Amino acid sequence: MARRSCAIYITGIVCAHLLIIGIALVVAQVFQTMIASRLKKEITLTEKSHFFESWKNPPPPVYMEYYFFNVTNPEVFLEGGKAVVKQIGPYTYREYRPRENVTFLENGTKIFALNPKSFVFVPEKSVGDPTVDILTTVNIPLVVVMNELNQRFGRFWRAAISLLMLNSEVFMKSSVHNMLWGFKHPLLTKIHYMQKDVDEYFGLMYKKNGTHEGEFVFHTGEQNYMDFGKIDTWNGMRKMSWWSSDQSNMINGTDGAVFHPLINRSELLYIFAADLCRSIHLAYVKDVEVKGIQAFRYAPPSDVLMSPKDNPNNEGFCVPAGDCLGTGVLKVSVCREGAPIVVSFPHFYQADPKYINAVEGLTPNKEEHETYLDLQPTTGVPIRACKRAQLNIILKRVEGFPKTRNINETIIFPIMFVNETATIDDESASQMRTMLLIVTLVSNFPLLIVGLGVILLMVLVVLLCRNRQKKNEVKRIVFTEAFHSFATAKDDTAYTQVSDKPDEPSETPANQPMKNGSYIAMSPVEPQKC
């Protein structure tokens, strides 16, 4: 009994201490603060950081998928009808993007790097051979030249120069390979003969295989973890000069490769997209899981490319000021040497219906055309990404060029779109899961203490109940034995009658037993026979 009581007392004392310590650690968030501090110091762009090498040479494979809009009725469109396009693709290329010329600046608080990109065709992920497949699309050099002449020269010069274009058509046929990586264009060759600084080659990705998008200086995050990976300067600029407002010219956020650790759902994330000539923001969408890793999905909200009428913050992207397009499109002529180029999401996803309905064959949907990033919130590392953007050109009637006379209205004509995808590789995913498990266990250690205290509390309750039950059992046994002894004694004894008469000689024969006494006594009684 003493041993049992001792066990109960020890269990109670240990339980109380565990609960008090555990609850105190949970309320004070000691371990969470310790882990957060460790992550802030570890996740930096420094040589001592485990993340530095993966930033320099990203292990996940990146694929660039190209889709083209093949025009099936160019003659009908030039006669004033609606163009019909058919999507063809993907033509997939593996993208390699190591960082080169990495140099630390300002005592290691900033880092300089170039990010050249090279592309290798992946036939097993493609629908056909880009050197063989032919498509019909807008003759972009012709449209650019017409647009330039219309803005800079009078009617006489436009008519004179248009003679050079007699053999040029508004639509042209080209192989997918030539359209992407460049070919000698007849019209540009004529212009190059007169003006040597004009390149006679044209391609949507011409001179972009093996080249970089500019010189970047990033914050390493040593001084402030919130600055981890943020762009300090691009091509020596802290802000651009193309747009018509200071806010629009800001270079905000990272290049999309990394983000600061300890991300929360309520914040906006910023990315500077050099190919879009601007910064964009991403907002939280939902929780997802990628290869067993929990992540937050971020995507550009609809207000990113919203019309200035609905989102006044976008008014600065109208150049010249007041010359604005509708929702879902962005004119980037200011950073494309004046070419009438417009960018959007694929199939004009999230755009004004008038752009979608102007061309037949477009079917925008969220699953195939949304840009998104799946970020591991503890580390800020992207574990899956889909960057999707569409290239369009403005087509309209140009005075002095008879081949455009039947184009009824200005139209933003789709040319192609890209789907740049990357998913964390299996080895990196395994390392990430292990690290997150350790972080979770350490962060939740106070909860484990509280849990152990609760378990001991339950054990204590059980011991107390059993001890009480044991005491009750002993009392019951003692009572039962006493009652049994009393009952047995009652069965084995009888009581003699008390006589009120004086003592008289007994008339009972000597050989008969006495059945009644003259005094009160308890005496054995002979068993009666029936």
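The values are calculated or read from the model by the stated rules, or taken from the named source; none is laboratory data. All values reported here derive from a predicted model rather than from experimental measurement. Cβ: placed from backbone, ideal geometry, glycine included. Neighbour counts: every protein chain shown. Heavy atoms of the whole protein, side chains included, go into the accessibility calculation; ligands, DNA and RNA do not. Shrake-Rupley method; radii C 1.70, N 1.55, O 1.52, S 1.80 Å.
Looking at Thr137 and the list (1) surrounded by fewer than 16 Cβ atoms within 10 Å (Cβ to Cβ); (2) not in a loop (DSSP other than H, G, I, E, B), which single condition is not satisfied?
(1)
Kindly provide the set of residues from segment 401-451 that are part of a loop (DSSP other than H, G, I, E, B), out of contact with any Ser or Thr (no Cβ under 6 Å at 6 or more places or on another chain) and not polar (S, T, N, Q), ordered by number.
Within segment 401-451, Arg405, Ile407, Glu409, Ile424, Asp425 qualify.
Could you grab me the full set of residues in segment 309-327 that are in a loop (DSSP other than H, G, I, E, B), modelled with pLDDT of 90 or more and over 17 Å from Ile412 (Cβ atoms)?
Lys309, Asp310, Asn311
Would you call Asn107 open to solvent by 60 Å² or more (accessible area, probe 1.4 Å), part of a loop (DSSP other than H, G, I, E, B) and not β-branched (Val, Ile, Thr)?
Here the answer is yes, as Asn107 does meet what is asked.
Just the residues that are under 28 Å from the mean Cα position of the chain (by Cα) and open to solvent by 60 Å² or more (accessible area, probe 1.4 Å), please, taken from segment 204-214.
Within segment 204-214, His212, Glu213 meet the criteria.
Going by the structure shown, is Leu436 modelled with pLDDT under 90 and open to solvent by less than 30 Å² (accessible area, probe 1.4 Å)?
When the stated conditions are applied, Leu436 passes them.
Which of the residues that make up segment 283-306 are assigned to a strand (DSSP E or B), touching a Leu at 6+ places or on another chain (Cβ under 7 Å) and over 24 Å from Met435 (Cβ atoms)?
Within segment 283-306, Ala283, Ala299 meet the criteria.
Looking only at residues in segment 32-60 that are closer than 22 Å to Ala429 by Cβ and of a type in the set (Gly, Ala, Ser), which one is surrounded by the fewest Cβ atoms within 10 Å (Cβ to Cβ)?
So the residue we want is Ser54.
Restricting attention to segment 185-214, and to residues there that are among the hydrophobic types (A, V, I, L, M, F, W, C) and part of a loop (DSSP other than H, G, I, E, B), which single residue is farthest from Phe121 (Cα to Cα)?
Val198
Which residue is nearest to Lys117 (Cα to Cα), if the candidates are limited to segment 178-198 and must be open to solvent by 60 Å² or more (accessible area, probe 1.4 Å) and modelled with pLDDT of 90 or more?
Per the stated criteria, the residue is Lys184.
When you scan segment 377-389, do you find a residue that is touching a helix residue (DSSP H, G or I) at 6+ places or on another chain (Cβ under 9 Å) and within 24 Å of Thr137 (Cβ to Cβ), even just one?
Yes, the conditions are met somewhere in segment 377-389.
Out of segment 215-243, which residues are part of a loop (DSSP other than H, G, I, E, B), buried (at least 17 other Cβ atoms within 10 Å of the Cβ) and of a type outside the set (Phe, Trp, Tyr)?
Thr220, Gly221, Glu222, Gly229, Lys230, Met240
Tell me which residues, restricted to segment 70-100, are within 30 Å of the chain's Cα centre (by Cα) and part of a strand (DSSP E or B).
Gln87, Ile88, Gly89, Pro90, Tyr91, Thr92, Tyr93, Arg94, Glu95, Tyr96, Glu100
Could you say whether any residue in segment 252-274 is open to solvent by 40 Å² or more (accessible area, probe 1.4 Å), within 30 Å of Val439 (Cα to Cα), among the basic types (Lys, Arg) and not in a loop (DSSP other than H, G, I, E, B)?
No, because not a single residue in segment 252-274 is open to solvent by 40 Å² or more (accessible area, probe 1.4 Å), within 30 Å of Val439 (Cα to Cα), among the basic types (Lys, Arg) and not in a loop (DSSP other than H, G, I, E, B).
Taking segment 23-40 as the search range and keeping residues that are modelled with pLDDT under 70 and in contact with a Leu (Cβ under 7 Å, 6 or more places away or on another chain), which one is farthest from Thr379 (Cα to Cα)?
My answer is Val26.
Give me the pairs, please: first residue somewhere in segment 191-205 and closer than 27 Å to Tyr66 by Cβ, second residue anywhere and assigned to a strand (DSSP E or B) and of a type in the set (D, E, K, R), beta-carbon distance under 6 Å, and either six or more positions apart or on two chains.
As it stands, the answer is Glu200/Lys184; Tyr201/Lys184, since those pairs meet every condition given.
Of the residues Ser54, Ser118, which single one is hydroxyl-bearing (Ser, Thr, Tyr) and either part of a strand (DSSP E or B) or within 30 Å of Phe171 (Cβ to Cβ) (or both)?
Every option except Ser118 fails the conditions.
Tell me, which strands (runs of 3 or more DSSP E) wholly within segment 328-396 include 3 or more residues that are open to solvent by 30 Å² or more (accessible area, probe 1.4 Å) and at pLDDT 95 or above?
In segment 328-396, 381-395 are the strands (runs of 3 or more DSSP E) which contain 3 or more residues that are open to solvent by 30 Å² or more (accessible area, probe 1.4 Å) and at pLDDT 95 or above.
Cβ-Cβ under 6 Å, sequence separation 6+ or interchain: first residue in segment 278-303 and among the polar types (S, T, N, Q), partner buried (at least 17 other Cβ atoms within 10 Å of the Cβ) and not in a strand (DSSP E or B). Which pairs?
Pairs found: Ser279/Asn252; Ser279/Gly253; Ser302/Gln350.
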